[in-house]
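Below: one structure, written as structure tokens.
Readers should treat all values here as calculations from the given coordinates under stated rules, not as data from a laboratory. Treat the numbers as computed from the prediction; the structure is a model and nothing was measured. We place every Cβ from the backbone using ideal geometry, glycine too, and count neighbours over all the protein chains shown.
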Amino acid sequence: MIDVVFLLLIYFLLITEFSPREEAYAVAIAEQQAAQRADPFDLPMRPIRVRVRSFGDGAGEYAITTDSPLIGALSSYEALSDQTASRRGGALAGDQSFIIDSSPSTRWEHVMGTFNALKRAEFDKIRFAPPSSAGGS
Amino acid sequence: MKTVRSLEPAHVSANLTPMIDVVFLLVIFFMLVAQISRTQIADLDPPEIASAVSAFIGDETRLVVNVVPGDSKAGAYRLGALKFDATERGASDLSSALVRAYARSPGVQVHVRADRSESYARVHPALDAVRAAGIETVRLVIRPMDAPL
């Protein structure tokens, strides 16, 4: 019997997959919308739209643009993170909100890479716009 | 009177019972782990992010919405063993299932897992379904690039 049990043990050891560690970003969905309605006398702060498009299947095949004149040309997630972080508290308010505008075909990894860049710059008000085809594929 | 001592060694046998118990426990553990992994987490490859500022997923109870890789609309979203289509009706059913599951265990974390190559058009309805279920915070699963196994 012990032989059979050992065989079973080896079998389950082999089929059990030890996948790499996963992590998660907590994104407040309802809170962001409520916060924008909180005080009717507050001047509305225009959110910055960050457009992200994929032009290939590779991890580095993406393009990021924004509709803000305060942020220059962006070549990578790092550029987005660096530029927004350097203007945080100055040209950009600490609670500046961003909308990530992705096309239907934008790869999820590129959306999340953009999200991470804004989180690295310590911006918390980040929303995901519905898929839009405006501005390219 | 002389006593004759036997020079033969005493008969010693190892007690295998504790070892068998432990081995059985290990078998049960691996059976359960294999089963739980299959029901909660679909086989997909989350986005790999460099310098991620995400949070470690602990042992908290969670509901995992998996966006099943592929182009098929049938069974595009999975919540545990439940499957939902990538249609308006499917998204609505997913939202209702989340409401029921959330009512059973309020405050449970809701995770959305999607493959790195997934299109945004396929992921966004899952986020919308979570929002429609009245859940305030959703957790988006990634894999940190420098994470150990």
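Extension gain for A:Phe6 to A:Glu78 (0.36 nm times residue separation, less C-alpha to C-alpha distance): 20.8 nm.
What the Cβ-Cβ distance of A:Arg21 and A:Arg46 gives, at R0 = 51 Å and to the nearest 0.05, is a FRET efficiency of 0.85. Of the beta bridges in the protein assembly as shown, as assigned by DSSP with both residues counted there, near 50 percent are antiparallel. The alpha carbons of the protein assembly as shown stretch over 113, 43, 41 Å along the principal axes, in descending order.
A viscosity of 1.002 mPa s and a temperature of 20 °C, combined with the Kirkwood radius over Cα pairs in Stokes-Einstein, give a translational diffusion coefficient for chain B of 115 µm²/s.
In straight Cα distance, which aspartates and glutamates are under 18 Å from B:Lys73, not counting same-chain residues fewer than 8 positions off? The qualifying aspartates and glutamates are B:Asp43, B:Asp85, B:Glu88, B:Asp93, B:Asp115, B:Glu118, B:Asp128. If the chain linking B:Asp45 and B:His11 were pulled fully straight, counting 0.36 nm for each residue of separation and taking away their Cα-Cα distance, it would gain 6.5 nm. What distance in nm separates the simple spin-label points at B:Arg62 and A:Ala28, each placed 7 Å from Cα in the Cβ direction? Taking the simple label geometry, B:Arg62 and A:Ala28 are separated by 2.0 nm. For chain B, the longest principal axis of the C-alpha atoms and the axis of helix B:120-132 are separated by about 90°.
Legend: mean number of C-beta atoms from other chains within 10 angstrom of residue C-beta atoms, peptide B:24-33, equals 4.
In units of the rule-of-thumb radius 2.2 N^0.38 Å, segment B:50-89 shows an alpha carbon radius of gyration of 1.54. FRET efficiency for the pair B:Ala74 and A:Arg127, taken as 1/(1 + (r/R0)^6) with r the Cβ-Cβ distance and R0 = 45 Å, rounds to 0.90. Look at the Cα gyration tensor of segment B:97-146: its axes a ≥ b ≥ c give a/c of at least 1.5 with a/b at or below b/c, and that counts as oblate. Taken about its Cα centre, the protein assembly as shown carries a charge dipole of about 360 debye when Lys and Arg each add +1 at the Cβ and Asp and Glu each add -1 at the Cβ.
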